[in-house]
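Here's the structure, in structure tokens; my notes come after.
The values are calculated or read from the model by the stated rules, or taken from the named source; none is laboratory data. All values derive from a computational prediction rather than experimental measurement. Note that each Cβ is placed from the backbone with ideal geometry, even for glycine, and that neighbours are counted across all protein chains shown. Accessible surface areas use protein heavy atoms only, side chains included; no ligands, DNA or RNA. Shrake-Rupley method; radii C 1.70, N 1.55, O 1.52, S 1.80 Å.
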Amino acid sequence: MAVLKLLQSFRLIALLEGTSYVLLLGVAMPLKYWGDLPAAVRVVGSLHGALFIAYGVCAGLLLLRGQWSFARASAAMGVSLVPLATFVFDRSIRRELATLGRSVDR
């Protein structure tokens, strides 16, 4: 049951982290350079940084608890570096949650 909650938390953090990355690159950076508003990058960048750390911690916990292999945890970290890739990776997380949910129901 604890692994299910951790995976659900990871999914939420991954979606927030991916969204913050897109906002950082697509909104805050243009505001900094074209709108002369460097505070946008400071605020969104700080939020994204905190979410990225939480994302890494959750991926590490899933690895340490034996839910994920090293390759899967590495893939999770790799997709976090590519804009929008966390949303693609989310499909496999949803499948994993569905599988875990079925096994908990039994």
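A few remarks follow.
- Residue ID - farthest from the chain's Cα centre (by Cα), chosen from residues in segment 29-69 that are part of a helix (DSSP H, G or I) and of a type in the set (D, E, K, R): 32
- Lone qualifier among 72, 102 - being at pLDDT below 95 and either of a type outside the set (A, V, I, L, M, F, W, C) or in contact with a Lys or Arg (Cβ under 9 Å, 6 or more places away or on another chain) (or both): 102
- Hits in segment 1-37 - residues which are closer than 21 Å to residue 90 by Cα, open to solvent by 80 Å² or more (accessible area, probe 1.4 Å), hydrophobic (A, V, I, L, M, F, W, C) and in contact with a Leu (Cβ under 7 Å, 6 or more places away or on another chain): 16
- The criterion of being touching a residue at least 24 places away in the same chain (Cβ under 8 Å) and open to solvent by 40 Å² or more (accessible area, probe 1.4 Å) does not hold for residue 102.
- Residue match in segment 27-47 (condition: of a type outside the set (A, V, I, L, M) and in contact (Cβ under 8 Å) with a residue 60 or more places away in the chain): no
- Residues of segment 59-80 include none that is of a type outside the set (Val, Ile, Thr), at positive phi and in contact (Cβ under 8 Å) with a residue 24 or more places away in the chain.
- Residue check, residue 94 basic (Lys, Arg), open to solvent by less than 70 Å² (accessible area, probe 1.4 Å) and at pLDDT 95 or above: no
- Look at segment 1-17: where a residue is assigned to a helix (DSSP H, G or I) and a partner is open to solvent by 70 Å² or more (accessible area, probe 1.4 Å), sitting 6+ places away or on another chain with Cβ atoms under 7 Å, you get 3/65.
- When residue 84 is tested against (1) under 26 Å from residue 103 (Cβ atoms); (2) touching a residue at least 60 places away in the same chain (Cβ under 8 Å); (3) surrounded by fewer than 15 Cβ atoms within 10 Å (Cβ to Cβ), just one condition goes unmet, and that condition is (1).
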